[in-house]
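Asker: The structure follows.
FYI, it's all coordinate maths here, none of it is from the lab. Worth saying up front: this structure is predicted, and the values here are computed from it rather than measured.
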Amino acid sequence: MPNWRRTIQFKGIINNDDYNPENELEEIPKVAAKAIEVLKNERVPVEIIERFKKAKTEAAFNRAMNHFYDWADIERIWIQST
């Protein structure tokens, strides 16, 4: 089991109950903005924050999340999402 250095609280950022994929172009920037607010205070590399800023579609947001999780794994940071 990994020894996590710290935890980033990502609870409430992604709420599938509130997400409507038919309004993807409206919804994703709102979700990305929530993520950015959390990440700016967590010493996350600017490159990851920039990916979230550019995310306008669900696919782009998912790619930003993948980079975020990859970085967190390397840095041994637990992402608390539930």
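Asker: State the three equivalent ellipsoid semi-axes of the chain, derived from the C-alpha gyration tensor as the square roots of 5 times its eigenvalues, in descending order and whole Å.
Answerer: Ellipsoid half-lengths, sorted descending, are 23, 13, 11 Å.
Asker: Additional query: What does the helix-only formula give at 222 nm for the chain: each DSSP H stretch with n ≥ 4 adding -39500 (n - 2.57), the total divided by the residues, and the result rounded to the nearest 500 deg cm²/dmol?
Answerer: Value at 222 nm, helices only: -17500 deg cm²/dmol.
Asker: By a straight-distance test (C-alpha under 16 Å), which lysines pair with Lys11 as possible cross-link partners, with residues fewer than eight away in the same chain excluded?
Answerer: Candidates past the 8-residue exclusion: Lys30, Lys34, Lys40.
Asker: Determine the relative contact order of the chain: mean sequence separation of Cα pairs under 8 Å and six or more apart, normalised by residue count, in whole percent.
Answerer: 49 percent
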